[in-house]
Amino acid sequence: MAPTDYQILIDTATWAFIARTNACYPQDTANRSVIEQRRIYDAMARSFHRGYPTGVTARDAIIGGVPCRLYPGAHPTVIYLHGGSFVVGGLHSHDDVCAEICARTGFKVVSVDYRLAPEHLHPAAYDDALAVARAIARTGRYLLVGDSAGGTLAASVAQSLRNDAPASGLVLIYAGLGADPDYGSYSTHAHAPMLTRADILKYRQIRHEGGSPPINDPTAAPLQDTNFTGLPPTIAFSAECDPHADAGRDYCARITAAGGQATWHLERGLVHGYLRARHSVPRAAASFDKIITAISTLGAMP
C-alpha cells in the first residue's frame, strides 16, 4: 500500500495549524511524566483559547459527585465530554469550545471533569460521565457531545442509558469508539499528523494499565456492543487524515442497520484535534458550523 500523501490532502491553512500545535510540544514530550504531559497539553490549549463570546458566563459545580463547569442557557442541556486520550485535558482545555457551543446554540452546556488515567483506570472516566448524565437526566432533556476520548465516553453513556434515561441526541467528533486498530483507517492513516496509530495504542494501554481494552465491554469500546437498537439520533464527524476516520462511519452504520437514525460526516483534509483550528482554518470553521447545526437540530427535536 502506497503511503498516504498528506501534502495533497491537507491544505496550507491546516498545515499552519499543525505547525503551531507541534511548536507547543518539546521534542521529548512523549518521554516525560504524565503530569508534565498534562502541563504541556494545557499550555497548548491556552495558546488557542479565544475567550468567551459576549454574554456567556460559567461557574464550576459538582454534579453527580463529579466536578463540572456550567455555562447557563436554555434546555436541553448539552453534556460535553472533552478529548485527551483519557490521560490529559479537563475543564480548561475545552473551555472556549464549550462557551461557543453555549453561545451559538443557546443551550446550557455542562463540561465534565472526569477522572484521568493512569491514576484512575477504566472504568473511572466512564463512571463519572455516567453519573453526570444520570443526574442531569433527572432535570430534563439532555444531549451527549464529545470529541476524541470524550466521544468514546459519550457513546458508551448513550448506550448504557438508552432504556432508563435516554439522551435526546448524540454528537461525536473524531471519536475512536474502540475500533480494531488493525483495520481500515488505522492502517491507511497510521502516520497521520496530530495523531498516529502508535499514539492510540500507547494511550489505550495507559487507560487499561498496560493491557488491551476488555473484550465485549461497550463501556470501554462502544463498537464492541452487540445491540445498537434504541440509541438516540446520532451525528458523527470524522477527520479524514486521522486513524479514527472509519470509526464514526462504522458506528453510524451499525445504528442505521439496527433501525436507528445516524449520519456520518467525513471532513476532508482535516486532522485530529481540528476543533482548535475553527478560527484559523476555513475547513475547520465549516465543520464547526455543521457541529453547531447538529447540536441545535437534535436539541430542537421533540
12 Å reach of a label modelled at M301, 7 Å along Cα-to-Cβ, counting backbone N of region 240-254: none
Could the peptides 48-58, 184-194, 200-210 be put in order, highest first, of the mean number of other beta-carbon atoms found within 10 Å of their residues? 184-194, 200-210, 48-58
If each K or R counts +1 and each D or E counts -1, the residues other than A16 whose Cβ falls under 13 Å of its Cβ total +2
About its Cα centre, region 195-302 carries a charge dipole, from +1 on Lys and Arg Cβ atoms and -1 on Asp and Glu Cβ atoms, whose size in debye to the nearest 20 is 260
For the chain, with all protein chains present and a 1.4 Å probe, just round the carbon and sulfur fraction of the accessible area to a whole percent. 54
Please report the antiparallel percentage of the DSSP beta bridges confined to the chain, to the nearest 5. 25
Counting Lys and Arg as +1 and Asp and Glu as -1, what is the net charge of the other residues whose Cβ lies under 14 Å from the Cβ of T196? +1
Going by Cα centres, region 131-151 and region 94-110 are how many Å apart? 14
Report the net charge of residues surrounding I291, where surrounding means a beta-carbon distance below 15 angstrom and charges are Lys +1, Arg +1, Asp -1, Glu -1. 0
Qualifying trypsin sites (Lys or Arg not before Pro) for region 99-186 [loop in DSSP, other Cβ within 10 Å: at most 13]: R138
Rounded to whole Å², per residue accessible area for the chain with a 1.4 Å probe reads 41
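The values are calculated or read from the model by the stated rules, or taken from the named source; none is laboratory data. These figures come from a predicted structure and were not determined experimentally. With ideal geometry, Cβ positions are generated from the backbone for all residues, glycine too; neighbour counts draw on all protein chains shown. We work out accessible area using only protein heavy atoms, side chains counted, and drop any ligands, DNA or RNA first. Shrake-Rupley method; radii C 1.70, N 1.55, O 1.52, S 1.80 Å.
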